[in-house]
Amino acid sequence: LPSRIPFSRRVVVISCQITLLSIFKAGDRDQLSSMFHDETKSFLSPLVTTLFKVSSVGEQEKSGNIADTESCMFNWKVFDRPIPPCGSSESEEHSAYYFDAARYLHCLARAAESFMRQKGTEMVKRLDSAGAFSDRAHGDALKALLLGHLLRLEEGHTPTSEDKRSVAHQIECYAGLLMACSIMERSIVDLCWHQSQLKHSNEAPPPLLKDLFLSHLVADILPSGAAQWLSVIFSPWCTNVRNIAWHGFLTWDQAPSQTLSLLLLLSVSLPKAPRREWIQPGPFAAHFTSAPIITHLLELKPSSIAALEHLFRSSPFVSEGHKPLLLHAL
């Protein structure tokens, strides 16, 4: 998982994956499907659902406009249009800006998915031959995510289908959305640091995602309007993709495939920047220097659930509040 995701959150995600995989491995997908479909309830308010959820039908930007048909790169010109104002307000006029922005982003998301359906796995070949995945933070993960998403689109399962493969597809789509948000965030941070070094300013990127895209460091390197529209995608006042996905407000079948298509298309099209190691010396520096955690885990080779439980109980990297959840997942 991307290194910028806090370690405890990565462990929670991995533990959930272990639980889901154990059910799949047992061949009990029928149980999984019925369990989820019987109990699933939305955690999103009607207003948030309207802003976030992409309908499968509706107005769509022409797929030929969303990306270059030869390079398969995003066409940044679609962002060269008026954007909503920054900040927050209770005025109806201000709210209308964000409804309009969300509708436009939904159009782009549908167009991105339509483009990917047309190109299929040929899209990965073209991007790979052009070096789109090399010298980029998590480039290999991005390539794997895109390929998996294209293969799911080729299989053609509908979002409402309840067959076994569709259930797996929707869970994979949710995981893909989480990863795509993190990869894009890391890419933008790398761009900020690179710009800062070029300017010899040593200016650190803003710590909050909502401020990150509005930084002049990002605006200076992206095409006109791109940074502002990217900020709207992740804005709490608009589609709020990352917060809704990462903070647990989505049920397993609510991740819009079209949104994932748009995020992946944007991620492969961002300018490259030298990869920067994220982990810096801090409170756990001694653990990383005297006994690197990855090497330590590889040497332990836990062979049982009991051994894994011991690792979690004794780990200084997992907070006490998370341990019961992890142990329950195991």
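Taking the conditions exactly as written (open to solvent by 50 Å² or more (accessible area, probe 1.4 Å) and closer than 28 Å to Q170 by Cβ), does P236 satisfy them or not? Yes.
Would you check if S196 is under 14 Å from the mean Cα position of the chain (by Cα) and polar (S, T, N, Q)? No, not satisfied. Listed by first and then second residue, the pairs linking a residue in region 188-209 that is surrounded by fewer than 18 Cβ atoms within 10 Å (Cβ to Cβ) to a residue that is of a type in the set (S, T, Y) and assigned to a helix (DSSP H, G or I), with Cβ atoms under 7 Å apart and 6 or more places separating them unless they lie on different chains, are N202/S196; E203/S196.
Can I183 be described as part of a helix (DSSP H, G or I) and open to solvent by less than 10 Å² (accessible area, probe 1.4 Å)? Criteria met by I183. Screening region 222-292 for helices (runs of 4 or more DSSP H) wholly inside it with 1 or more residues that are touching a strand residue (DSSP E or B) at 6+ places or on another chain (Cβ under 7 Å) and either modelled with pLDDT of 85 or more or over 25 Å from A101 (Cβ atoms) (or both) returns the ranges 257-269. Close Cβ contacts (under 8 Å, 6 or more residues apart or on different chains) running from residues in region 309-326 that are among the acidic types (D, E) and open to solvent by less than 40 Å² (accessible area, probe 1.4 Å) to residues that are part of a loop (DSSP other than H, G, I, E, B) and at pLDDT 80 or above are absent. Before we move on, is A132 surrounded by 20 or more Cβ atoms within 10 Å (Cβ to Cβ), closer than 24 Å to N65 by Cβ and either touching a Cys at 6+ places or on another chain (Cβ under 7 Å) or modelled with pLDDT under 90 (or both)? Answer is no for this residue. Kindly indicate whether A144 is buried (at least 18 other Cβ atoms within 10 Å of the Cβ) and either touching a His at 6+ places or on another chain (Cβ under 7 Å) or among the small types (G, A, S) (or both). No, not satisfied.
Do we have W252 as aromatic (F, W, Y) and more than 26 Å from H194 (Cα to Cα) here? Yes, satisfied.
The values are calculated or read from the model by the stated rules, or taken from the named source; none is laboratory data. This is a predicted model, so every value here is computed, not measured. Here Cβ is always computed from backbone atoms with ideal geometry, including for glycine, and neighbour counts include all displayed protein chains. When the accessible area is computed, the model is the full protein with side chains, heavy atoms only, and any ligands, DNA or RNA have been set aside. Shrake-Rupley method; radii C 1.70, N 1.55, O 1.52, S 1.80 Å.
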